[in-house]
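Each remark here refers to the structure printed beneath this line.
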Amino acid sequence: MNLENAKAALKKYYGYDSFRPLQAEVIQAIFDKKDVLLLMPTGGGKSVCFQIPAVTMEGTCVVVSPLISLMKDQVEALRANGIRAAFLNSSLSYHEQQSVENELFHGRLDLLYTSPEKMASQEFLPLLRASKICLFAIDEAHCISSWGHDFRPEYRQLRFLKNTFPNIPVIALTATADKLTRKDIIVQAELRSPEVFIASFDRPNLSLEVKPGRKRIEQIVEFIEKRPNQPGIIYCTARKTTESLAEKLREEGINAAAYHAGLDDRTRPKVQEDFINDRTTVICATIAFGMGIDKSNVRWVIHYNLPKNIEGYYQEIGRSGRDGADADTLLFYSVQDLIMLREFIMDGEGQHRDIQLAKLERMHQYATSLICRRKILLNYFNETMLENCGNCDVCKNPPQHFDGSIVAQKALSAVSRLDEQVGTGMLVDVLRGSKSYNLLSNGYDKIKTYGAGKDIRQEDWFFYLEQLINQGLLEIAYDDHNKVKLTDGSRAVLFSGQKVELVKAETFQKRKEEEEAKTATRTKRATERERVRDELFEHLRELRLDIARQKGVPPYIVFNDATLEEMAAARPTTEADLSQISGLGEQKLREYGRAFLDAIQDFLLAKKDEGIRITGATYLETFRLYKQGASVDEIAAQRDIAPLTVFSHLAHLYEKGENVNIWAFLTKAEAQRVAEAVHDMEPPYKLMDVFNKLNEEVTYEKIRLGIAWYNKQKR
Ligand code: ADP
Ligand code: ZN
């Protein structure tokens, strides 16, 4: 086996033209019979790394996966690509299991998915020994390590693989990055001098954005309305938030449902199924949602609350855009959330408390970052990024700084005069001169800085305090009712005239306005071409949904969004053009190609009838009449074009593989003459040159058709 075989298989089964980073290297290592540990983020393309060897090498690749609910989906997706796959787990009946085992034994499977329990069971071993196995793949390999976040004891038994089958390569795959787990996987699975591949954890197609957590529901509704029909997930900390939020979204006419671990056993899978099959558009969920699903067309993720750590956050936003098409993520940040999480950690079991707090702090830094957010994320995973990403809110709208010394002095002095006895809320009230009962009854209106910051809006004050905290000029005493305290740094500002630089609070406001202005002009300026593309995309999406329902599979198994987008942009009208679209392997081309081509052709013709000019449509118009049985002269008359043009359309369609009977217009012998004439000419062939070369004995129409025949033969 070599990489040429691998590349051919990638095109044949998946319709992809090239490998993603590391895929080719991993596949090569497997061809060389080496053990492999592969670390790649969700959506990076891990599956291809063992599936290509599975379809090219002799024998079956056995895949161990902990998630029974995912196996069915994965197998379905493979079968849709014409790959011989099956799964074995406790959800199958005895007879079903027998039949799959039979297939394995007779070498009729490229891939077999199974659970770790089944794999390590004594009954299964003889069958494994008796079958031809080319590769073992351990998916979610971090489950083998107690260092990982998802240790599963049954994974431990998998070490028998290398002992029993020392010559069959094993690939362990995971999206979990940390070093300890990595090393432990190698030890626990007993991999033999494995090649370790670590992919970049960057997901450039995910946009990153953080917004202050105020009026969240309003902001969410606005966000969703800008993305009609796009599936998305909203993560919330509390179960009851998921329910109340879903309720409110439904009141706004949004197709939303709630999901959390407390739902009964019938409702939970149904909510999930409805989302997978595009029947529900928005899921409001606790982080319990997502583990068992493989939906590739999630277009956005919102965090209603601040996550506990960056690992969790990254995994959750990673559930969007798995198909590689653009996806948007939005995180709401509020100090209340931060305080709540902190209290949660402090009240919890003492173990690892420091680590949890430190992780929360990193999350906090991310949420309040004033530099490129992707840099912070990647840095967290020990990757350095030199350039700004250009796809986060900070990059898109860099913060503007100003001399905030006076603002800082007011805040710090108020803290000092309040004897460091109040939290941020009261502090801002004092600065703004509020007349709340609580404030007055404490006599805080008597202090010197009362009302000194009236000119600054309340939310802007929070924004400035946040920055002062991040700069170490103030701190929150989490162990003392979250009171605001001075630091060593504060004294330099208060007493030694130390300057403080702050980011303008208007940055947020401006960001919002600019964004709105941008969307407005974008819609206005959206060219006709873009509108047509969006409209066509919607058509194709509906067709996909129809087909998926008929077949009883999730829509993204028919085609993923990226493929659909490419189709809508390129508008292929012939099979040859369609096969150029990424994501259409031979099987899908055969199975769905015609339906999608017809849909595109109908759409283009409909547009043409509306008077919108689209390239390609003129051929189709000719083709439509031709298929209705019109003669060339009739077509020419009806379309008000020359008969030779009609012939040229038919020739083009024929050359592209459409069903045009050219032999109604010329004989084989004539075509042969044309072919011989152009054989040693340089394309593009001029009709007149050929005409002269053939002593003016063959008509232009016939020459045009003859050239099409020649070109098609040559291919
Ligand atoms: P992972 O298992 O790492 O989460 P997948 O294997 O499911 O990722 O791949 C994520 C998506 O990327 C899938 O839709 C897959 O078909 C697509 N993909 C994988 N490899 C390629 C490739 N070489 N070119 C284009 N798309 C790819
Ligand atoms: Zn950035």
- Query: Of all the Cα-Cα pairs you can form in region 535-714, what percent are over 19 Å apart?
  - Reply: 63
- Give me the angle, in degrees from 0 to 90, between the Cα long axis of helix 561-570 and the longest principal axis of the Cα atoms of the chain, rounded to the nearest 10. 50
- Item | Using θ = phi - 60° and Karplus 6.51 cos²θ - 1.76 cosθ + 1.60, couplings along region 360-366 (whole Hz; Gly, Pro as x) | 4, 4, 5, 5, 4, 4, 4
- To the nearest 20 debye, what is the magnitude of the charge dipole of region 197-281 about its Cα centre, counting +1 on the Cβ of each Lys and Arg and -1 on the Cβ of each Asp and Glu? 220
- With label points set 7 Å from each Cα along the Cα-to-Cβ direction at residue 264 and residue 250, the distance between them in nm comes to 1.6
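Could you tell me whether region 3-198 comes out rounded, prolate or oblate from its Cα gyration tensor? Rule is a ≥ b ≥ c as square roots of the eigenvalues, rounded for a/c under 1.5, then prolate if a/b exceeds b/c, otherwise oblate. Before the final figure, lay out the partial values.
Values: a/c = 1.42, a/b = 1.03, b/c = 1.38.
Verdict is rounded for region 3-198.
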- Task: Would you mind checking the pairs 410/504; 240/295; 627/686 and listing those with alpha carbons more than 18 angstrom apart?
- Result: 240/295; 627/686
- Message: On C-alpha positions alone, give me the angle between the axis of helix 267-276 and the longest principal axis of the chain, in degrees, nearest 10.
- Response: 50
- Item | Chain lengthening between residue 624 and residue 435 when straightened (0.36 nm per residue, less Cα-Cα) | 60.4 nm
- Message: Restricting to DSSP H runs of at least four residues, report the calculated mean residue ellipticity at 222 nm for the chain, -39500 (n - 2.57) per run over all residues, nearest 500 deg cm²/dmol.
- Response: -15000 deg cm²/dmol
- Item | Hull-based mean projected area of region 206-395, where the convex hull spans the alpha carbons, in square nanometres | 11.2
- Task: Could you work out the relative contact order of region 419-486, using alpha carbon pairs under 8 angstrom and six or more residues apart, expressed as a whole percent?
- Result: 40
- Message: If the reach is capped at under 28 angstrom between alpha carbons, list the lysines near residue 179, excluding any in the same chain fewer than eight residues apart.
- Response: 33, 34, 46, 162, 308, 359, 375
- Note, residue 1: beta-carbon cut-off 11 Å, +1 each Lys/Arg, -1 each Asp/Glu, net -2
- Query: Where does region 1-91 land on Rg/Rh, using Cα atoms and the Kirkwood Rh?
  - Reply: 0.94
- Tell me, what ³J(HN,Hα) does each residue in region 397-405 have, in order and in whole Hz, if you take phi through Karplus 6.51 cos²θ - 1.76 cosθ + 1.60 with θ = phi - 60° and put x for Gly and Pro? 9, x, x, 9, 9, 8, 6, x, 4
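List the GluC sites (Glu not before Pro) within region 598-643 that fall in a DSSP loop (any state other than H, G, I, E or B) and whose Cβ has at most 10 other Cβ atoms within 10 Å.
610
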- For residue 665, list long-range residues whose amide hydrogen, built 1.01 Å from N in the peptide plane, is under 5 Å from its own amide hydrogen. none
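On alpha carbon coordinates alone, what is the Rg over Rh value for region 294-420, Rh being the Kirkwood radius?
That ratio equals 1.04.
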- Note on the structure: All alpha-carbon distances of region 401-508, grouped into 10 Å bins from 0, give the whole-percent distribution 15, 51, 30, 3
- Message: Please compute the alpha carbon radius of gyration of region 183-294, then divide it by the globular-protein estimate 2.2 N^0.38 Å. Two decimals is fine.
- Response: 1.39
- Integer Hz, Karplus 6.51/-1.76/1.60 couplings in order for region 485-495, x for Gly and Pro: 10, 7, 10, 4, x, 4, 5, 4, 6, 6, 10
- Note on the structure: All alpha-carbon distances of the chain, grouped into 20 Å bins from 0, give the whole-percent distribution 14, 38, 30, 14, 3, 0
- Please report how far the C-alpha centroid of region 396-426 lies from that of region 282-346, rounded to the nearest whole angstrom. 31
- Task: Would you please put 258-266, 196-204 in order of how densely packed they are, using the mean number of other Cβ atoms within 10 angstrom per residue and starting with the highest?
- Result: 196-204, 258-266
- Query: Of 170, 220, 208, which is farthest on the positive side of the dipole of region 142-225, counting Cα position, with +1 on Lys and Arg Cβ, -1 on Asp and Glu Cβ, and the Cα centre as origin?
  - Reply: 170
- Query: In straight Cα distance, which lysines are under 20 Å from residue 226, not counting same-chain residues fewer than 8 positions off?
  - Reply: 211, 215, 248, 396, 510, 512, 518, 524
- Query: So what's the net charge close to residue 453: Lys and Arg +1, Asp and Glu -1, counting the other residues with Cβ under 11 Å from its Cβ?
  - Reply: +1
- Item | Tilt relative to the chain, helix 506-525 - C-alpha long axis, 0 to 90 degrees, to 10 | 20
- Find the eigenvalues of the gyration tensor of the Cα atoms of region 110-226, then list the square roots of 5 times those eigenvalues as equivalent ellipsoid semi-axes, largest first, in whole angstrom. 39, 17, 14
- Residues whose built amide H sits under 5 Å from the amide H of residue 258, excluding neighbours closer than 5 in sequence, are 284
- Interchain or long-range residues, amide H under 5 Å from residue 681's placed H: none
- Query: If contacts are Cα pairs under 8 angstrom and at least 6 residues apart, what is the relative contact order of the chain in percent?
  - Reply: 10
- Summing Lys, Arg as +1 and Asp, Glu as -1, what charge do residues with Cβ under 11 Å from the Cβ of residue 638 carry, residue 638 excluded? -2
- In whole µm²/s, the translational diffusion coefficient that Stokes-Einstein assigns to region 108-163, given a Kirkwood hydrodynamic radius over C-alpha pairs, 10 °C and 1.306 mPa s, equals 129
- Beta bridges by DSSP in the chain, antiparallel share as percent, to the nearest 5: 15
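Values in this text are rule-based calculations from the coordinates and carry no lab data. In this text, all values refer to a predicted model and were calculated from it rather than measured experimentally. Here the Cβ is made from the backbone with ideal geometry for all residues, glycine too, and neighbour counts use every protein chain on show.
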